[in-house]
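No value in this document is a laboratory result; all are computed from the given coordinates. Predicted, not measured: the structure shown is a model, and the values here were computed from it. Every residue, glycine as well, gets a Cβ built from its backbone with ideal geometry; the counts of neighbours run over all protein chains shown.
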Amino acid sequence: MVSKASSSDFIKALEIGRPPNIKKLFPNSKALIVSGKVIDRAMRKKSAAMTIAANVRGSVLIKGVLRAAQRANAAVIIEIAKSESTYCPINLWNIATHVDAVCNELGITIPVAVHADHYGLKSQADVEAAKVEIPTLFDAGITSIAIDASHMPDDKNLLANIALNPFIPKWAGYETEVGEIKGKAGLSTVEEALFLIQGLNAHRMYPDWIALNNGTTHGIEASDAGIQVELTKQIHAAIDKYGLSGAQHGTSGNNSDRLRRIAKETHTTKANVATALQMISWGVKVNEYGNAFLDKDGQFIKLSNSGITDPLWAEMTAYAQSKSLKGGDYKKLNLPFEIKILAQPREVRENMASAVEEFTFGLLTQVFNAKDTAPLAIEAIMKAGSYDLGPKGSPIEDPNEWTEEKITSKAAKINRTASDPHADYSD
């Protein structure tokens with residue numbers, strides 16, 4: 001395997017590999033921002049490899065992740081969720097601008113996709129609003145999207161994906177989802193996954209990834225229940241002929257050996273990491289998996305020689321207490337404190353980025369097996385001669401068997417545990 005792309009291949013990839021929206025937004029850029037399809041194909045080419053999909057809740061995180069990817073020579077995904085856009089300074093409409101700026105500032109030469117994570121839909125009204133909003137995401141530089149209607153019944157989930165397909169560019173990365181990731185109401189099943197993917201195939205839709213509730217939850221967890229590798233293998237085997245890869249959500253805090261198994265034994269190519277990066281940047285004490293330590297009072301432990309300054313941490317924790325924020329809800333500190341974080345001395349910000357860089361580099365090289373996948377991504381662009389790599393899937397299912405009426409009928413036969421209407425499924 002070629003360990004480095006040649007400078008001529010990189011220049012050619014810049015010319016032909018950047019999607020139209022990226023070229024229009026950043027005509028003079030040297031950042032190789034690509035479709036999510038490119039990143040997926042690189043991981044599949046290497047085999048037994050997945051890369052980080054980093055939820056960058058603050059701008060310092062972008063630098064840390066991209067520096068790590070450059071060191072590892074790994075293709076990566078930078079993302080933010082629809083829900084995160086409401087409590088983070090990085091949002092779905094500015095993330096591409098941030099990524100492009102950092103790539104050019106640091107001279108980043110690895111391919112990067114910009115992903116709209118968990119574009120959540122919980123009702124038909126959400127679907128209608130999405131028909132207007134999704135095009136604006138691509139106007140703003142998104143190159144990949146996760147349509148997450150998993151909170152809806154199976155037939156509505158499938159129908160939402162079908163309804164929104166015309167609003168997603170054919171060249172873009174596309175992720176679909178079955179089973180609420182934070183669900184306590186039951187894990188995703190083979191039956192549910194097959195229903196969704198067969199229905200999409202019948203409508204000639206070929207997702208690049210499928211995300212499952214395979215036993216993990218978003219955020220840093222105290223338990224070690226974690227990802228169910230065997231369940232993931234069963235579902236991936238059942239849908240193998242449809243050409244999908246897996247997207248592993250809720251990676252933060254999971255045992256490294258379990259994540260290695262996910263990369264090696266399943267078709268997973270995308271691993272979302274959010275909470276661990278946030279905590280590490282702030283200087284919260286975590287274990288090797290990114291799990292935060294708590295003191296006897298259940299509070300996070302701040303390392304005095306790491307992350308943000310102690311006075312700023314004291315201010316953040318006081319604010320959290322005034323708003324009754326605990327545990328995972330500390331994520332809501334990102335937006336009100338971004339300016340104060342950026343106003344810290346350069347050495348503090350550098351230490352924050354370096355801590356994220358080291359953690360991410362370890363994941364990419366020691367856990368995810370993503371090292372040296374950047375040239376494979378560039379190779380995929382060169383082989384296609386285009387930013388559009390086309391679908392991995394092909395027509396299999398009969399469209400006549402997947403009309404709206406038949407979709408509703410088939411869904412009624414699926415044994416699915418009902419969603420908890422009181423659960424918080426936000427990212």
Among Ser322, Ser354, Ser304, which one moves the most in a GNM of the chain with springs linking Cα atoms closer than 10 Å?
Ser322
Sorted from largest down, what three extents in whole angstroms do the Cα atoms of segment 293-427 have along their principal axes?
64, 47, 28
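For every helix of n ≥ 4 consecutive DSSP H residues, a contribution of -39,500 (n - 2.57) applies; sum these over the chain, divide by its total residues, and give [θ] at 222 nm rounded to the nearest 500 deg cm²/dmol. Please list the in-between numbers first.
Details: 16 runs with 180 residues, N = 427.
When only DSSP H runs of four or more count, the value is -13000 deg cm²/dmol.
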Using the Cα atoms of segment 278-347, I'd like the radius of gyration and the largest Cα-Cα distance, Dmax, both in angstrom.
11.7, 33
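When you have a sec, figure out the Kirkwood radius of segment 238-318 from all distinct Cα pair distances and drop it here in Å to one decimal? Walk me through the numbers on the way to the answer.
Numbers: mean 1/r = 0.0681 Å⁻¹.
One over the average 1/r among Cα pairs gives 14.7 Å for segment 238-318.
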For a quick check: with amide H placed at 1.01 Å from N, whose amide H comes under 5 Å from Ile80's, ignoring anything fewer than 5 positions away on the same chain?
His115, Asp117
In the neighbourhood of Phe138 defined by beta carbon distances under 12 Å, the net charge of the other residues (Lys, Arg +1; Asp, Glu -1) is 0
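Distances longer than 19 Å among the Cα atoms of segment 212-348: what percent of all pairs is that? Let's see the in-between values first.
Values: 5166 of 9316 pairs.
Roughly 55 percent, once rounded to a whole number.
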Using every alpha carbon pair in segment 352-408, what percent of pairs falls into each 5 Å bin from 0 up to the bin containing the largest distance?
4, 13, 11, 11, 11, 11, 11, 10, 9, 6, 3, 0
The answer for the net charge of residues other than Ser409 whose Cβ lies under 13 angstrom from its Cβ, with Lys and Arg +1 and Asp and Glu -1, is -2
Working note, the chain: Cα radius of gyration (Å, one decimal) and Dmax (Å, whole number) are 20.5, 64
May I ask for the distance between the Cα centers of segment 239-275 and segment 1-28, given as a whole number of Å?
27
Please compute the net charge surrounding Glu105, taking Lys and Arg as +1 and Asp and Glu as -1 over other residues with Cβ under 15 Å from its Cβ.
+2
Percentage relative contact order, the chain, counting C-alpha pairs under 8 Å, at least six apart:
25
Which semi-axis lengths, in whole Å and largest first, follow from the square roots of five times the eigenvalues of the Cα gyration tensor of segment 32-102?
22, 13, 11
At 0.36 nm per residue, minus the direct Cα-Cα distance, what do Ile396 and His203 gain on full extension? Give it in nm, one decimal, please.
68.5 nm
Stokes-Einstein D for segment 94-133 (37 °C, 0.692 mPa s, Kirkwood Rh from Cα pairs), in µm²/s, comes to 262
